[in-house]
1. Go through A:16/A:174; A:3/A:33; A:3/A:126; A:126/A:162; A:3/A:78; A:16/A:69 and tell me which ones have a Cα-Cα distance over 18 Å in this structure.
2. Any chance you could run the full-extension gain for residue A:98 through residue A:145? It's 0.36 nm times the residue separation minus the Cα-Cα distance, nm to one decimal.
3. Contact order normalised by length for chain B, with contacts defined as Cα pairs under 8 Å and 6 or more residues apart; what percent is it?
4. Which whole-number percentage describes the relative contact order of region B:140-232, with Cα contacts under 8 Å and a sequence gap of 6 or more?
5. In whole Hz, what ³J(HN,Hα) sequence does region A:5-10 give by Karplus (6.51, -1.76, 1.60; θ = phi - 60°), x for Gly and Pro?
6. Specify the residue with the greatest mean-square fluctuation among A:51, A:157, A:13, computed from a Gaussian network of chain A linking alpha-carbon atoms under 10 Å apart.
7. If exposed means no more than 10 neighbouring beta carbons inside 10 Å and the site is in a DSSP loop, what's the longest run of chain B without any exposed chymotrypsin sites (Phe, Trp or Tyr not before Pro)?
8. Report the paramagnetic label zone for residue B:65: residues of region B:75-99 whose backbone N is under 17 Å from a point 7 Å from Cα along the Cα-to-Cβ axis.
Amino acid sequence: MSKVVVVTSGKGGVGKTTSSASLGASLARAGHKVVVVDFDVGLRNLDLVMGAERRVVFDLVNVVQGDAKLPQALIRDKRLENLSLLPASQTRDKDALTEDGVGRVIDELRESFDWIICDSPAGIEKGATLAMRFADTAVVVTNPEVSSVRDSDRIIGMLDSKTRLAEGGGRIDKQLLLTRYDAARAARGEMMTVEDVLEILAIPLLGIVQESPDVLTASNLGCPITLHNPGSPAARAYDEAARRLLGETLPVRTPRPEKQGFMTRLFGKRAAA
Amino acid sequence: MDGEANTLPWVRIRGRSFMALVLAPEAPFADWFAALDRQLNGAPGLFADRPVVVDLSGVVDVLGADGLPLAMEGLAARGMRIVGVEGASAAQLAGTPWADLPTNLHGRDVSVDGRPGRPAAAVAPPPAASLLIERPVRSGQSIVFEDGDVIVVGSVASGAEVIAGGSIHVYGPLRGRAIAGLKTGGARIFCRRLEAELVGVDQLYRTAENWGPDLHGRAVQVRCDRGALRLATLD
């Protein structure tokens, strides 16, 4: 049974692409066949984050429009053989996608993959609605700040009304992935707390990923953090989120602010790590 | 500034919905207008004083923007009162006599019986007096129920709105907008936690900055009393 997951948020820059790549790598490392599909036609980034930008020949638009076969467009990851990428086109725009075409591609992907992760573009227009259209479950990526939370709320409303599952009378599973969480700032009241966000969005929590320079470093190197630095707190958070996606019941630990000792204050956070 | 604000009357803004007829011309125009003329001969009163919205998506798809003037002229020549256009962008209408028409109308389709003079097929069941919503109203969603009360078991998010002909009850935080009493007088808004952006009853409204912080987060009712909006805690 394959599962189609949409990674979405409404707001841009919250970590959809990073989360898609990291969750995809975690699921693949757990032995599942995974494809990550970039729906951000015109502003593709997933290929960069996964380090495959020099291997793109055909893309999602070519396959949707019938100019290329799916196997020609799929790029297999060099580090994990059961992880693949279906890149977006950089030269076209979202209107190049059609609902029928996307539906056909998703159906074809379902035949050969266990997990199909759809990396949604920001916004609520065609690209985002098509990315969520055929999903079985949704990962809503949110930062602990009011604008991100309100946009996520809007997206949850759309997941409940605009997906094919919802239109058929079903209910799409929605889980919250809280990213760029800074425990120290939340404790000082400078940022929304986990409880604040959950109270507003009222969906189950898939995981909390702490703000960390490791994530940016991994993105810049073109390697999902779960592969680049598996021991880092962010990678562990993604690994645990992936296990929850697979159905495991793991408690979500809310990160607490680190107690700053004398040495830490003296040498900065790096010294303590 | 303050003196002026006190002497000026309070402008009440009312909403009203109309039914507009939607016409979608199709190429070839000769056939389509001939068919329209035949229907108009059979029912000359059909379009009398009715606002008409023109759906040009079929024209744009087949003929591109060049077909728009032909379609619009044909309808105007038949005396249609065109109030808006859909399926074509403002840019495509620029430079034509119809450039001022709105192109971003919102509305939903209702069925219209093309032949006038026929009685309504069946007696409609009496409308429900209340609408019960058992899930959170999410940002961007708009719940409009003109026939009675709206009851929300859950929250109304920031950026969401609930509009009711009667009263509104929110058994959760009210963070968005609530507008009650569209149809009936004496309506009220009740919420378990007031964090709203705007509340309105009987054509009067107030935004969050117009009520004090002491009401924030509390169980509150909102009503219209002798021409003024009053907010009071419930507990």
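The values are calculated or read from the model by the stated rules, or taken from the named source; none is laboratory data. Note that the structure is a prediction, hence the values are computed from the model and not measured. Methodologically, a virtual Cβ is constructed for each residue, glycine included, from the backbone with ideal geometry; neighbour enumeration extends over all protein chains shown. The protein model used for the area step is the full one, side chains on, heavy atoms only, and it has no ligands, DNA or RNA in it. Shrake-Rupley method; radii C 1.70, N 1.55, O 1.52, S 1.80 Å.
1. Pairs exceeding 18 Å: A:3/A:126; A:3/A:78; A:16/A:69.
2. Working: separation 47, 0.36 × 47 = 16.92 nm, distance 3.35 nm.
Length difference between fully extended and current span is 13.6 nm.
3. Value for chain B: 10 percent.
4. 21 percent
5. Result, ordered by residue: 10, 9, 9, 9, 7, x Hz.
6. A:157
7. B:19-235
8. B:85-99
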